[in-house]
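K.L.:
My questions will all concern the structure given below.
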Number of protein chains: 2
Amino acid sequence: MKALILAAGQGTRQKNNGATKPLIHLFGLSLIERVILTVKRSGIKEFQIVVGYNHEKIREHLGNGLKFGIEIDYIFNDEWKGDNGLSVLKARSFIHEPFILLMADHLFDDKILSELREITLEKDECVLCVDRNRHKYLDIEDATKVIIENGMIKDIGKQPNHYNGIDTGIFLCTPSIFDALEESVCNGNESLSGGIRVLAKHGKMKAFDIYDKYWIDIDNDNALKNAESLLIEQLKKNTDGPISKIFNRPISIRISKLLLKTGITPNQISLLTFIIGIFASLFFYVGEYLYLVVGGILVQVSSIIDGCDGEIARLKLEETKYGGWFDAVLDRYADALIIFGMVLGHWTLHNDITIWTIGFMALMGSFLNSYTAGKYDAMFRKNIKDVNRIRIGRDVRLFLIFIGALSNQILITLAIIAIITNFESIRRLIVLKHEYV
Amino acid sequence: MKALILAAGQGTRQKNNGATKPLIHLFGLSLIERVILTVKRSGIKEFQIVVGYNHEKIREHLGNGLKFGIEIDYIFNDEWKGDNGLSVLKARSFIHEPFILLMADHLFDDKILSELREITLEKDECVLCVDRNRHKYLDIEDATKVIIENGMIKDIGKQPNHYNGIDTGIFLCTPSIFDALEESVCNGNESLSGGIRVLAKHGKMKAFDIYDKYWIDIDNDNALKNAESLLIEQLKKNTDGPISKIFNRPISIRISKLLLKTGITPNQISLLTFIIGIFASLFFYVGEYLYLVVGGILVQVSSIIDGCDGEIARLKLEETKYGGWFDAVLDRYADALIIFGMVLGHWTLHNDITIWTIGFMALMGSFLNSYTAGKYDAMFRKNIKDVNRIRIGRDVRLFLIFIGALSNQILITLAIIAIITNFESIRRLIVLKHEYV
């Protein structure tokens, strides 16, 4: 399937006069790069981009798409000063199959496209993704509204009465859109909405509800700030544990914003976190109080920075399965080495063999927690009633070690970790027996 | 989607005269139960079963399907002595949508149905699953052959010339099959093949290649024995490690065959394996040589029986995600406790602190091996070139412990485990960086 992106307009409502809107940067990527990379995540690799205003700059910026692992063809719209329906019409001779239609300045959750692509279209039907919840950053005055009845768009425009949805600018089209647009242009309306209204009249315009997935139209400078906040909000995960939610995540997001400017990769951050963990382990190994304090602080620092790899990957649309897994495996090694350092340090100082047994149980429980987390989190996400339940995860374990080191209570800390992690693992075995499908 | 199962015929080629073929048992389940449970795995819950010969027995045996978590409606075919096309025709007034058509005495891999259901049908098209490899248990004389050209069935029958596929008796049909059957019956051919030939003539009969997935038509007593062997062969996994392949699996399959008769559940076997592991750990804890020998034997016994839960689940079509996970988590606890028992026993006897460090590393490596196994196995399956690579897994670890205990070399054994498991984990991190998508 191909994606058609409209990037011809001038974006006059943006303050930075003369700037090309699709090329405005947000967290290190231009808006149109964000759209392209988002689309690519749903498996689409062929792009047609309609350009007009400052078209050379856009061509120069994106090239033939090779650097993104995709193919880009450009379609020049000499009538770019006109309304956006004309841009779509310029693509007519290049597209003969169903396609995705997008705006260069609308950012959105890639899940929307994966779901949209699953829809089976009737002949000549098109689909518009609609937002029925009015997300909080929406500029309602400026938004294009739709009236939906029985899953079909009945009307579209800036001011329809009793609208019950917002046009997100994300479409799944059949080539029938071109006929509809021509009919609309003949009637004097050159906008994409005009074409949609024609299809709606013929009962050929489906609505697709995006539910709570995010999208934003970056129409002006204020929207750009909103988009920043929106993308940042997406970084919070509902599987974040309590320490992560309250303490680590707010700090790690600030650090990520700084790190974004350095060009450091997510995998490099995973490695850095791991190295900090090893240093913590070495300080614990020495065992004396001052070293424990430094080790404890390093543990908490590594716990915070551990959030940055994922955050940067998501902000730069660089998330990979390998990256997540690489981070997880290094975290397990760091967990084990930190516990080992605590045990060895305590043993050297106090010669108390109990610490080894307790350390063994703490290591076993910590690992089992990580081992069962994936399945548990899947259930967690499914059952809304569980959202308020506290999740005992790595954030809690490392925080306990931090507190334990500051208070010079290595043995008690490991004992507490051994008890709660093993208890939690067994609890998950039992809970999931009833819940897991 | 509904499934229509043909279970009306007498099955006269089976020796046990008078027995109802769909009710013949194989590893604790009747053939028709196997078909139903296989279909259910692909998500289908509505069944129409055409009965005739001994229809009361079949009704009594299956009931309304509630015990399988499905719905069964019966269609009585008073012409059950006739050919099987008549059975399909009896369903005409009950089915108005695309449906799956199956034989009560054909067993098959549930993956065939999951893939078959993905096919998008053109108007009035039907699909027949074909076997182009002639699997080794095939009774080629008796099989229905097909001629396939460009993915379409061109002819079907017992004796076409130059056939290039075998009819597996697994269909995805639109109601057009009924018209085709009526046309065939009018021309004097009452068999299902007759109807297929009519569709083939109209260019409406697609072929779907099942590749190496298994299926078998249980047409006579010999085929029943073949089916037994075939199902047993399916128990071997291509992720089995070397010890599992050569030693554990052949024994565990024999034990599973015995256990099948006891009614023990897969989860109970997982628990039993775990308890044997705990006993092994306790014997190791005592530490003296004779106890080590018993512990070592128990470890190897638990390693063998660890295969039985999955085998029985698969033979009884009772595999669940929870079951696999429950087994995996208990295995991790058993792994940890066995290593802990070895360490503690060695420490008590020899007072050598090195054993704790080595034990820690062995535990860390063992866990990391299990933690990374899922991702590694996924790649393993994908890359055929890797199939001959040795997989270091639990079978190898427990076998090393078995040998180490018999030879009274606890410290060296743990050291070897620590080295190879950690080496293997790091190797996986590197290998998957290049291979993992």
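Any read-out appearing in this document is the output of simple, stated calculations on the displayed coordinates, not a laboratory observation. No experiment lies behind these values; they were computed from the predicted model shown. Backbone-built Cβ (ideal geometry, glycine too); neighbour counts: all protein chains shown.
K.L.:
Between copies, how far does the label point of residue A:427 sit from its twins, in nm, shortest first, when each point is 7 Å from Cα along Cα→Cβ?
P.N.:
3.9
K.L.:
Please compute, over every Cα-Cα pair in segment B:99-161, the percentage with a separation greater than 16 angstrom.
P.N.:
56 percent
K.L.:
Looking at the calculated P(r) for segment A:1-76, what percent of the C-alpha pair distances fall above 20 Å?
P.N.:
25 percent
K.L.:
Something else: Provide the descending list of Cα extents for segment A:235-435 along its principal axes, expressed in whole angstroms.
P.N.:
50, 47, 27
K.L.:
Counting only GluC sites (Glu not before Pro) that sit in a DSSP loop (anything but H, G, I, E, B) with at most 11 other Cβ atoms within 10 Å, what is the longest stretch of chain A containing none of them?
P.N.:
Formally, the longest exposed-site-free interval is A:142-437.
K.L.:
Which listed residue (A:431, A:152, A:10) has the Cα farthest towards the positive end of the charge dipole for the protein assembly as shown, taking +1 on Lys and Arg C-beta and -1 on Asp and Glu C-beta about the Cα centre?
P.N.:
The Cα lying farthest towards the positive end belongs to A:431.
K.L.:
Within segment B:221-306, which trypsin sites (Lys or Arg not before Pro) sit in a loop by DSSP and count at most 12 neighbouring Cβ atoms inside 10 Å?
P.N.:
B:261
K.L.:
Can you compute the helix-only [θ] at 222 nm over the protein assembly as shown? Use -39500 (n - 2.57) per DSSP H run of at least 4 residues, normalise by all residues, nearest 500 deg cm²/dmol.
P.N.:
-16500 deg cm²/dmol
K.L.:
Turning to a different aspect of this structure: Quick one: among B:352, B:78, B:124, which has the greatest mean-square fluctuation in a GNM of chain B with alpha-carbon springs under 10 angstrom?
P.N.:
B:352
K.L.:
Right, another one. Explain nothing, just the number: dipole magnitude of the protein assembly as shown about its Cα centre with +1 on each Lys and Arg Cβ and -1 on each Asp and Glu Cβ, in debye rounded to the nearest 20.
P.N.:
The dipole of the protein assembly as shown has a size of about 1360 debye.
K.L.:
Another question about this same structure. Using the Cα centre as the reference, give the magnitude of the dipole from point charges on the C-beta atoms of segment A:35-91 (Lys, Arg: +1; Asp, Glu: -1; all else neutral), rounded to the nearest 20 debye.
P.N.:
With only Lys, Arg, Asp and Glu charged at Cβ, the dipole is about 300 debye.
K.L.:
Further question on the same structure: Based on alpha-carbon atoms only, what is the radius of gyration of segment A:231-324 relative to the globular estimate 2.2 N^0.38 Å?
P.N.:
In units of the globular-protein estimate, segment A:231-324 measures up at 1.15.
K.L.:
Note down, for chain A, the three equivalent ellipsoid semi-axes (square root of 5 times each alpha carbon gyration tensor eigenvalue), biggest first, whole angstrom.
P.N.:
Listed largest to smallest, the semi-axes of chain A are 52, 23, 17 Å.
K.L.:
Give me the base-10 log of I(q)/I(0) for the protein assembly as shown at each q in 0.05, 0.09, 0.10 Å⁻¹, Debye formula, one uniform scatterer per Cα, rounded to two decimals.
P.N.:
-0.39, -1.13, -1.24
K.L.:
Along Cα→Cβ at 7 Å, what distances in nm separate the residue A:222 label point from those on the other copies, shortest first?
P.N.:
Those label-point separations list as 8.4 nm.
K.L.:
Can you tell me the convex hull volume per residue for segment B:105-244, based on C-alpha atoms, in Å³ to the nearest whole number?
P.N.:
126 Å³
K.L.:
So for chain A, taking the charge dipole from beta-carbon charges (+1 Lys/Arg, -1 Asp/Glu), which of A:404, A:202, A:94 sits furthest toward the positive end?
P.N.:
After comparing all options, I get A:404.
K.L.:
Explain nothing, just the number: dipole magnitude of chain A about its Cα centre with +1 on each Lys and Arg Cβ and -1 on each Asp and Glu Cβ, in debye rounded to the nearest 20.
P.N.:
For this selection, approximately 880 debye.
K.L.:
Do any of A:40/B:2; B:57/B:316; B:206/B:321; A:57/A:236; A:45/A:257; B:45/B:213 go past 31 Å between their Cα atoms, and which?
P.N.:
A:40/B:2; B:206/B:321; A:57/A:236
K.L.:
Next up: How high is the relative contact order of chain A, in percent, counting Cα pairs under 8 Å that sit 6 or more residues apart?
P.N.:
Across chain A, relative contact order equals 13 percent.
K.L.:
Still on this structure, please answer the following. From the residues B:415, B:336, B:370, which one has its Cα farthest along the dipole of chain B in the positive direction, the dipole being from +1 and -1 charges on Cβ of Lys/Arg and Asp/Glu about the Cα centre?
P.N.:
Farthest towards the positive pole: B:415.
K.L.:
Measuring from a point 7 Å out along Cα→Cβ, what nm distances, shortest first, does residue B:324 have to its partners in the other copies?
P.N.:
Nearest to farthest, the other copies are at 1.8 nm.
K.L.:
For segment A:25-140, what does the alpha-carbon gyration tensor say about shape, rounded, prolate or oblate, given a ≥ b ≥ c as the root eigenvalues, a/c under 1.5 as rounded, and a/b over b/c as prolate?
P.N.:
It comes out rounded by the Cα gyration axes.
K.L.:
Ok, one more. Between the DSSP loop rule and a limit of at most 10 other Cβ atoms within 10 Å, which trypsin sites (Lys or Arg not before Pro) in segment B:96-146 are left?
P.N.:
Those that pass, being in a loop and sparsely packed, are B:123, B:136.
K.L.:
Rounded to the nearest whole Å³, what is the per residue volume of the convex hull around the Cα atoms of segment B:2-220?
P.N.:
120 Å³
K.L.:
Oh, and also: Once the piece of chain linking residue A:322 and residue A:150 is laid out straight, how much longer is it, given 0.36 nm per residue of separation minus the C-alpha distance between them?
P.N.:
Working it through step by step, the gained length comes to 57.7 nm.
K.L.:
Going by Cα centres, segment A:68-113 and segment B:411-434 are how many Å apart?
P.N.:
First find each Cα centre; the distance between them is then 50 Å.
K.L.:
Continuing with this model, one more query. Which percentage, to the nearest 5, of the DSSP beta bridges contained in the protein assembly as shown is antiparallel?
P.N.:
Percent antiparallel among DSSP bridges in the protein assembly as shown is about 45.
K.L.:
Could you let me know the centre-to-centre spacing of segment B:18-48 and segment A:253-295, using Cα atoms, in angstrom?
P.N.:
58 Å
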